[in-house]
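Chemist: One structure follows; several queries about it will come next.
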Amino acid sequence: MNIFKRAWIRYVLHRHAIPHGLWLETAKNLAFLQGLTAVEKTRLRELSTLFLHGKHFVGAQGLELSPAMRVAIAAQACLPVLGLGFQYLSGWTDVIVYPSAFRVNRDLTDAAGVVHHEEQVLVGESWSRGPLIVSWAEVGQDASAHHPGHNVVIHEIAHKLDFLNGRMNGYPPLHAGMSIPKWTEALNNAYQHLVTRIEHHHHTGIDPYAASSPAEFFAVTSEYFFCAPETLHTDFPEVYQQLQLYYRQDPLLRQHKH
């Protein structure tokens, strides 16, 4: 990091720090942050400050975004990069927040080359350099301990990280020292196992939506990794281990200490 970048970060953290009371309230209201150490919470507050200063928040359909809403979204967006760094969230600026689920219309081309017009109802969406889009109703529901394993902000941030390799395929750029074959084997085997269980109408410990594609499997298991680590570790311990190496965090240990 060059001297100008470091100076900019110091300036932002000094002049635009999230108010202490607002940060404490946010941390208290997000169940999955309870196990963070004091050092981790301080680091997350810094990352969230940079996120709020560097991203442009837009309330859609007349939604007015309060400081508390912005901080809650920022904290959840920055949790996955707590061990990675804010640079992993660079290359895009807009955060669009809808009051609830939103509709999108798309033209999709099938394998035969036929174009179909399709309307979808979504609670979150993201692209490589496009905006992060979420439903505030979903964000609020995810914040509680009563919705374990579900977090739309983390889900969409996982897609952003996945895109850093150029394609959204469940294979983000791995760190030096991580084994590509081990990552591929762990996630592919777990993904195929989940698909098979669903095809045979068997119960799945994690959201069946993870079987939609390898990209969605990575995003959904990332949600569980941070918000319901015990479930992911029980169902897919090898996937948990790979995500632990990738995110450079251990939420299961955090949960046990809490």
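Each value in this text was obtained by applying a stated rule to the coordinates, not by laboratory testing. None of the values given here were measured: they were computed from a predicted structure. Here the Cβ positions follow ideal geometry from the backbone for every residue, glycine too, while neighbour counts run over all protein chains shown.
Chemist: Based on DSSP loop calls and a cut-off of at most 14 other Cβ atoms within 10 Å, the longest stretch of the chain free of exposed trypsin sites (Lys or Arg not before Pro) is what?
Modeler: Values: sites that count: Arg129, Arg167, Arg248.
After excluding every exposed loop site, the longest remaining stretch is 1-128.
Chemist: Further, regarding this structure: Using all Cα-Cα distances in the chain, what percent lands in each 5 angstrom bin from 0 up to the longest?
Modeler: The percentages, shortest bin first, are 1, 6, 12, 17, 19, 18, 13, 8, 4, 2, 1, 0.
Chemist: Rounded to the nearest 500, what is the 222 nm mean residue ellipticity of the chain from helices alone, with -39500 (n - 2.57) per DSSP H run of 4+ residues and division by all residues? Display every interim value, and only then the final one.
Modeler: Working: 11 runs with 131 residues, N = 258.
Mean residue ellipticity at 222 nm (helix-derived): -15500 deg cm²/dmol.
Chemist: Using the Karplus curve 6.51 cos²θ - 1.76 cosθ + 1.60 with θ = phi - 60°, what ³J(HN,Hα) values do you get for each residue of region 227-232, in whole Hz, with x for Gly and Pro?
Modeler: 10, 8, x, 5, 5, 5
Chemist: For a test of the definition: using alpha carbon positions, the gyration tensor, and the 1.5 limit on a/c, classify region 103-205 as rounded, prolate or oblate.
Modeler: Cα axes put region 103-205 in the rounded bin.
Chemist: In percent, how large is the relative contact order of the chain, given Cα pairs closer than 8 Å and 6 or more residues apart?
Modeler: Over the chain, the number comes to 16 percent.
Chemist: How long is the gain from Arg167 to Arg10 if the chain were fully straight, where each residue apart is worth 0.36 nm and the alpha carbon distance is subtracted?
Modeler: Using 0.36 nm per residue and subtracting the Cα-Cα distance, I get 53.2 nm.
Chemist: Follow-up question, since we're still on this one. When a/c reaches 1.5 or more, the comparison of a/b and b/c decides; with that in mind, is region 165-258 rounded, prolate or oblate per its Cα gyration tensor?
Modeler: On the way: a/c = 1.86, a/b = 1.11, b/c = 1.68.
Oblate, since a/c reaches 1.5 and b/c is not below a/b.
Chemist: Place a +1 charge on the Cβ of each Lys and Arg in region 1-133 and a -1 charge on the Cβ of each Asp and Glu, then give the dipole magnitude about the Cα centre in debye, rounded to the nearest 20.
Modeler: With Lys and Arg at +1 and Asp and Glu at -1, about 820 debye.
Chemist: I would also like to ask the following. Region 39-117 to region 210-251: how many Å between their Cα centroids?
Modeler: 20 Å
Chemist: Normalising by the residue count of region 165-258, find the relative contact order in percent from Cα pairs under 8 Å and 6+ residues apart.
Modeler: Details: 82 pairs, mean separation 26.6, N = 94.
Computed over region 165-258, the figure is 28 percent.
Chemist: Then there's this: What does the charge count near Thr231 come to, summing +1 for each Lys or Arg and -1 for each Asp or Glu among other residues with Cβ under 14 Å from its Cβ?
Modeler: -4
Chemist: Report the residue, chosen from Ala143, Ala112, Ala17, that carries the largest GNM mean-square fluctuation when the chain is represented by alpha-carbon nodes joined by springs under 10 Å.
Modeler: Most flexible of the set in this elastic network: Ala112.
Chemist: Report ³J(HN,Hα) in whole Hz for each residue of region 158-169, in order, from the Karplus equation J = 6.51 cos²θ - 1.76 cosθ + 1.60 where θ = phi - 60°; Gly and Pro get x.
Modeler: Calculated HN-Hα couplings, in order: 4, 4, 4, 5, 4, 5, 5, 8, x, 9, 8, 9 Hz.
Chemist: A follow-up question, please. Among His155, His16, which comes first, second and so on when ranked by fewest other beta-carbon atoms within 10 Å?
Modeler: His16, His155
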